[in-house]
Amino acid sequence: MEKTKILIAYGTRYGATTGTAEEIAKVLQEEGNEVKVVNLKEEKVKNISEFDLIIIGSGMKMEMWTSKVKAFSNKFSNELKKKKVAIFVSSGARALMEYKNEHDEIERITKKYLENKASKYGLNPISMTMFGGIWDYNQMGKIYRKFLDPELENFIPAGFKEIEPGVYDSRNWEEIREWAKELARMI
């Protein structure tokens, strides 16, 4: 039986989306699929015709996808409409909103980060989800840091792990693996 060929094309700012994409790839490979992972900042994708499933992943900052993911989605817009597509975003905000029971805000950002983006590019994804992300105080600018400072006290209670000084990770690895397994079942 021929293996399903999967492309995971992603953009990241602080590295969360890299780790998430690699974990998704690992699970999909364990499920018998052939997976190529591309960090769009480091490598250009020239052709997507050989892939049966395209997974688009983006880090979020100030409610925006990374520029490389937007460029990829624009470049392959017509082809992506004819492919099986899945989308995930990495967002540190989600864990904070869950911790603070801000369900209306989670709905709003889910619509903006996932549904509206899929619609903008004319995609009908087989699955879309939002995972946790990383906030790296060592790399972010002063304005963004000032915006986040009032939330810092909520990071640990919200489930963030300080993986090194100033770097907070809100990803749930089991949730990421389960999503990848579900994708493997869908294809």
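The values are calculated or read from the model by the stated rules, or taken from the named source; none is laboratory data. Everything numeric in this text was worked out from a predicted model, so none of it was measured. Glycine also receives a Cβ, built like all others from the backbone with ideal geometry; neighbour counts cover every protein chain displayed.
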One residue from 50, 30 being surrounded by fewer than 18 Cβ atoms within 10 Å (Cβ to Cβ) and either of a type in the set (Val, Ile, Thr) or under 30 Å from residue 164 (Cβ atoms) (or both): 30
Some residue of region 135-142 being more than 17 Å from residue 11 (Cα to Cα) and without any contact (Cβ under 8 Å) to a residue 24 or more places away in the chain: yes
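Results for (1) within 22 Å of residue 11 (Cα to Cα); (2) surrounded by 14 or more Cβ atoms within 10 Å (Cβ to Cβ); (3) in contact (Cβ under 8 Å) with a residue 60 or more places away in the chain; (4) among the aromatic types (Phe, Trp, Tyr), shown as yes or no for each residue.
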position: 86; (1), (2), (3), (4): yes, yes, yes, no
position: 93; (1), (2), (3), (4): yes, yes, no, no
position: 99; (1), (2), (3), (4): no, yes, yes, yes
position: 119; (1), (2), (3), (4): yes, no, no, no
position: 132; (1), (2), (3), (4): yes, yes, yes, no
position: 160; (1), (2), (3), (4): yes, yes, yes, yes
position: 163; (1), (2), (3), (4): yes, no, no, no
position: 166; (1), (2), (3), (4): yes, no, no, no
Condition check for residue 185: at pLDDT 85 or above, exposed (fewer than 11 other Cβ atoms within 10 Å of the Cβ) and assigned to a helix (DSSP H, G or I): yes
Hits in region 111-160 - residues which are in contact with a helix residue (DSSP H, G or I) (Cβ under 7 Å, 6 or more places away or on another chain), aliphatic (A, V, I, L, M) and part of a loop (DSSP other than H, G, I, E, B): 123, 126, 158
Tally of residues being assigned to a helix (DSSP H, G or I) and free of Cβ contacts under 8 Å to residues at least 60 places away in the same chain across region 28-42: 2
Hey, residue 36 surrounded by 15 or more Cβ atoms within 10 Å (Cβ to Cβ) and either under 21 Å from residue 118 (Cα atoms) or touching a strand residue (DSSP E or B) at 6+ places or on another chain (Cβ under 9 Å) (or both) or not: no
Residues being in contact with an Asp or Glu (Cβ under 8 Å, 6 or more places away or on another chain) and either at pLDDT 95 or above or under 21 Å from residue 28 (Cβ atoms) (or both) - total across region 74-103: 2
Any hit, region 55-73, residues being at pLDDT below 95, among the basic types (Lys, Arg), surrounded by fewer than 16 Cβ atoms within 10 Å (Cβ to Cβ) and closer than 30 Å to residue 168 by Cβ: no
Failed item, numbered, when residue 124 is tested on (1) among the polar types (S, T, N, Q); (2) closer than 22 Å to residue 15 by Cβ; (3) exposed (fewer than 13 other Cβ atoms within 10 Å of the Cβ): (2)
